[in-house]
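Down below is the structure, laid out as structure tokens.
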Amino acid sequence: MAVPLLDLKAQYASIKEEILKEISEISDSQYFILGPKVEKLEKEVAAYCASNFAVGVTSGSDALIIALMVEGIGPGDEVIIPPFTFFATAGAVVRVGATPVFADIDPVTYNIDPVKVAEKVTPRTKAIIPVHLFGQPADMDPIMEIAKKHNLVVIEDACQAIGSEYKGRRVGSIGDYGCFSFFPSKNLGCFGDGGMVTCNDPEKAKLLKIFRNHGQSGTYMHEYVGGNFRLDALQAGILSVKLPYLDGWSEARQHNAAEYDELFAAAGLDGKVSLPKKAAYPVRHIYNQYCIEVAGGRRDALVAHLREIGIGCAIYYPLSLHLQKCFADLGGKPGDYPVSEAASGRIMALPIYPESTAEQRRSVVDAIAAFLK
Ligand SMILES: *Cc1c(COP(=O)(O)O)cnc(C)c1O
């Protein structure tokens with residue numbers, strides 16, 4: 001049975017009428033950049049993320065960049081990030097001219113290890129960017145403590161984690177900023193690129209709005225050099241239609257994850273496959289990805305086999321960021337971040353999207369079990 005890694009058409013089919021009505025209304029208005037649709041979405045996302053403010057931007061990557069810009073982080077400054085994340089977390093730091101400093105991850109959650117973060121703080125450190133990878137929150141309490149002690153900014157990379165919770169608190173509301181992506185494959189995706197920055201401080205919210213519009217504080221009056229980071233009305237309108245469905249979709253992902261857990265347990269793959277683990281602290285994990293680890297150096301062969309028989313899978317992420325060619329000047333070497341490097345050699349993501357069926361999951365697990373027997 002063919003199983004795609006993600007099937008956006010299934011989700012679209014379930015809300016097509018509402019979406020087309022919204023697109024038609026915006027087309028009639030010919031109001032495309034910022035404006036009432038973006039403001040409406042900002043209020044909705046702020047409420048959903050339990051934050052005082054939300055500012056719509058062009059992408060999750062730009063959400064990270066604009067938060068760093070507002071804080072005036074640049075050349076000579078260090079920003080502590082995990083080496084096991086999507087490229088944009090590190091790319092944003094370099095784009096503003098600052099230096100990414102990696103702190104290895106925790107093997108249970110794949111999120112930045114607060115003990116390692118503390119070891120990396122120097123007088124040049126300005127910020128920490130914890131990533132809530134795959135939809136499971138990083139251990140925020142100790143991170144916030146380190147930040148408070150050293151007067152650091154905390155920018156949550158919540159691009160994979162909208163609606164996820166750490167000890168009952170929504171991600172994006174805990175640090176100084178929360179950065180969200182509406183890339184189509186995230187739990188809440190638009191029809192192109194889009195993003196959002198949440199924050200609780202009104203001054204920071206005001207600056208985010210100024211920076212996303214070329215640093216303009218009055219018409220053609222530029223107080224800062226920002227950029228064009230404006231969210232558009234079509235994406236905002238589509239996201240407002242989708243947001244009321246998000247909890248249902250995330251709950252379906254949780255259900256699918258629990259089903260995988262049971263199927264794998266029944267398949268008797270102990271020692272060959274290890275399943276995603278919940279953090280030791282209370283979380284609401286929204287499973288943007290369901291990632292297993294494959295032992296014995298067989299991951300790549302398994303991925304190739306599954307793809308050959310029509311089962312979608314992906315490797316997030318195959319190379320720890322400190323070993324990427326573009327960061328060679330940072331001096332990273334193999335062995336520097338052993339937890340991250342080990343994960344990148346063993347991890348793979350399976351289809352977990354809300355509309356996928358129990359039958360599909362059974363065929364995924366059967367195929368894996370047959371291959372690894
Ligand atoms: C998707 C993602 C981003 C970037 O978001 P875009 O909207 O694609 O720019 C940043 N960080 C993480 C962890 C992501 O998963």
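A straight chain from residue 203 to residue 185 at 0.36 nm per residue would run longer than the Cα-Cα distance by 3.3 nm. Only lysines eight or more places from residue 333 in sequence, or on another chain, were considered; those with a Cα closer than 21 Å are 116, 120, 325.
Extending 7 Å from Cα along the Cβ direction at residue 278 and again at residue 30 yields two label points whose distance is 5.5 nm. In segment 224-373 the Cα-Cα distances spread across 10 Å bins starting at 0 as 9, 30, 29, 23, 8, 1, 0 percent of all pairs.
Fewest-first ordering of 199, 49, 159 by other beta carbons within 10 Å of each residue's beta carbon gives 49, 199, 159. Among the trypsin sites (Lys or Arg not before Pro) in segment 131-170, those placed in a DSSP loop whose Cβ has at most 16 other Cβ atoms within 10 Å are 167.
When the P(r) is computed for the chain, the part past 39 Å accounts for 16% of the Cα-Cα pairs.
Using 0.36 nm per residue and subtracting the Cα-Cα separation, the extra length available between residue 39 and residue 342 on full extension is 104.7 nm. Take the alpha-carbon centre of segment 104-123, take the same for segment 146-208, and report the distance between them in whole Å. Between the Cα centres of segment 104-123 and segment 146-208 lies a distance of 19 Å. Listed by chain and number, the lysines placed with their C-alpha closer than 18 angstrom to that of residue 204 are 43, 126, 148; residues fewer than eight positions away on the same chain are left out. Positive-end ranking of 339, 273, 233 along the dipole of the chain, with charges on Cβ about the Cα centre, is headed by 339. Which residue, 330, 64, 350, tops the fluctuation ranking in a GNM of the chain built on C-alpha contacts under 10 Å? Taking springs between Cα atoms under 10 Å, the residue moving most is 330.
Spacing of the modelled spin labels on residue 301 and residue 145, each 7 Å from Cα toward Cβ, amounts to 4.5 nm.
Please label the shape of segment 87-175 as rounded, prolate or oblate, based on the square roots a ≥ b ≥ c of the eigenvalues of the alpha-carbon gyration tensor (a/c under 1.5 means rounded; beyond that, a/b larger than b/c means prolate, else oblate). Because a/c hits 1.5 or more and a/b exceeds b/c, segment 87-175 counts as prolate. Distance between the modelled labels on residue 245 and residue 13, one decimal in nanometres: 1.2 nm (7 Å Cα→Cβ projection). Maximal additional length on extending the residue 167-residue 122 stretch stands at 13.3 nm, based on 0.36 nm per residue less the C-alpha distance.
What the pair-distance distribution of segment 1-95 shows, using all Cα-Cα distances binned every 5 Å from zero, is 2, 10, 12, 14, 16, 17, 12, 9, 5, 2, 0 percent. Net charge in the neighbourhood of residue 104 (other residues with Cβ under 14 Å of its Cβ; Lys, Arg +1, Asp, Glu -1) is -3. Over segment 206-276, the fraction of Cα-Cα pairs per 10 Å bin, rounded to whole percents and listed from the shortest bin up, is 17, 21, 18, 17, 16, 9, 2. Of all DSSP-defined beta bridges confined to the chain, some 65% are antiparallel rather than parallel.
Figure legend: label point modelled 7 angstrom from the Cα of residue 99 along Cα→Cβ; residues of segment 295-339 with amide N under 14 Å from it are 328-332.
The simple Förster model, with R0 at 45 Å and r as the Cβ-Cβ distance, assigns residue 370 and residue 20 a FRET efficiency of 0.60. Placing +1 on the Cβ of every Lys and Arg and -1 on the Cβ of every Asp and Glu, with no other charges, gives the chain a dipole of roughly 280 debye about its Cα centre. Each Lys or Arg adds one and each Asp or Glu subtracts one; over the other residues with Cβ under 11 Å from the Cβ of residue 181, this totals -2.
Values in this text are rule-based calculations from the coordinates and carry no lab data. Fair warning: this is a prediction, and the values are worked out from it, not measured in the lab. Cβ atoms come from the backbone with ideal geometry, glycine included; neighbour counts cover every protein chain shown.
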